[in-house]
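Chemist: Sharing a structure here in structure tokens format.
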Amino acid sequence: MKIEVVTLFPRMITGALEFGIVGRAITRGLMSVATEDPRLHASDAHRTVDDRPYGGGPGMVMKPEPLLAAIRAAHARLPPGSLRVYLSAQGRPFGQAQARELAALPGLLLLAGRYEGVDERVVELGIDRELSVGDYVLSGGELPALLIIDAVARLLPGALGDERSSVEDSFAHGLLEGPHYTRPEVFEGRGVPPVLLSGDHADIRRWRLAQAVARTVERRPDLLANAQLAPEARRALNEFQTGASSDAGASGRTRSWEPRSR
Ligand code: 4G3
């Protein structure tokens, strides 16, 4: 997959992509990331990329000519069928489903804005989709662009290596992940749930699913409203809900192997 990022700070993008799974995906040739700096398309002596907003008000707006020129230069390097995405807090929410959709594309252009935003005519003329990575305001679209690159990279076939698979991940099943443990068996006086030491793999699977369900109910009940749960996860949820609601107490029955709620 080919990715282009249009940004006034190219090194914010390239510097962050050298590491971990994303870095390996690039060195393995599964993905390429290039940048295009709108400042290189500014025609005046001062290389101006911003201007004051029509109608007044605070802050500056990215001016249209150098920005659209940068988008077109980057888009011309991408294969047909590529998508041009603008990151802003006004966009539709980016989630795992969107990540899967983007990972299936041959190419992706990400526009990272600065200042108060970009001239709206650039969005009309040069952008296919406006996405938000969450309900908060950042000083630029570079971190959202990196976040999307990361979420997409780990879905590319071969990116996680043979031993791991993104289908095991949080959200792949529509549930949060449960807790993880490694050695030592006792750490600062705290043990590991005995079931994980039992060697009974069917039991371990059921326990992990129950943990994932309990955590999702507690922390992200909104996920369960839309979740496409596998039959065995659906069964675990029903068990949790009947078990939890038929009992007194604020958060249902406490099982000995469940960590205390935080
Ligand atoms: C454009 C994205 C860019 C307009 C970008 C701000 C938050 C998100 C920017 C604008 C951003 C997000 C740069 N902040 N939630 N800041 O995805 O108003």
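None of the figures in this text is laboratory data; all of them are computed from the coordinates on show. The model shown is predicted, which means the values in this text are computed figures rather than measured ones. Positions of Cβ are backbone-derived with ideal geometry, glycine not excepted, and every protein chain shown enters the neighbour counts.
Chemist: Report, in whole Å, the centroid distance computed from the Cα atoms of the range 6-53 and the range 77-122.
Modeler: With the range 6-53 and the range 77-122 each reduced to a Cα centre, they are spaced 14 Å.
Chemist: Which shape class, rounded, prolate or oblate, goes with the chain when its Cα gyration tensor gives a ≥ b ≥ c as root eigenvalues, a/c under 1.5 marks rounded, and past that a/b bigger than b/c marks prolate?
Modeler: The shape class here is prolate.
Chemist: Which far-off residues, 5 or more places away or on another chain, put their amide H under 5 Å from the one on Leu110, with H placed in the peptide plane?
Modeler: Counting only residues 5 or more places away or on other chains, the set is Glu4, Val5, Val6, Val85.
Chemist: Quick check on the range 123-225: take the gyration tensor over C-alpha atoms, sort the square-rooted eigenvalues as a ≥ b ≥ c, and tell me if it's rounded (a/c under 1.5), prolate or oblate.
Modeler: Here the range 123-225 falls in the prolate category.
Chemist: Please work out whether the range 54-120 counts as rounded, prolate or oblate from its C-alpha gyration tensor, where a ≥ b ≥ c are the square roots of the eigenvalues and a/c under 1.5 means rounded, while otherwise a/b larger than b/c means prolate and anything else oblate?
Modeler: oblate
Chemist: Please report, in whole Å, how far the alpha carbons of the range 1-155 spread along each principal axis, starting with the longest.
Modeler: That works out to 46, 33, 28 Å along the principal axes.
Chemist: Continuing with this model, one more query. So for the range 36-84, considering every pair of alpha-carbon atoms, how many percent are separated by more than 19 Å?
Modeler: Considering the range 36-84, 37 percent of its Cα-Cα pairs are separated by more than 19 Å.
Chemist: Enumerate the amide H contacts of Glu130 below 5 Å, restricted to partners 5 or more residues apart or on another chain; note that Pro and chain-start residues carry no placed amide H.
Modeler: Result for Glu130 returns Tyr86, Arg92.
Chemist: Also, I was wondering about something else. Using a 7 Å offset from the Cα along the Cα-to-Cβ direction at both Leu105 and Leu30, what is the distance between the two label points in nm, to one decimal?
Modeler: With each label placed 7 Å out from Cα toward Cβ, I get 1.9 nm.
Chemist: Taking the beta-carbon count within 10 Å as an exposure proxy, list Met31, Met60, Met12 from fewest neighbours to most.
Modeler: Listing Met31, Met60, Met12 from fewest to most nearby Cβ atoms yields Met60, Met12, Met31.
Chemist: Multiply the residue separation of Phe19 and Leu40 by 0.36 nm, subtract the distance between their alpha-carbon atoms, and state the gained length in nm to one decimal.
Modeler: Contour length minus the Cα-Cα distance gives 4.8 nm.
Chemist: Now for a different question. Which GluC sites (Glu not before Pro) in the range 1-96 sit in a loop by DSSP (not H, G, I, E or B) and have at most 12 other Cβ atoms within 10 Å of their own Cβ?
Modeler: Sparse-neighbourhood loop GluC sites (Glu not before Pro): Glu18.
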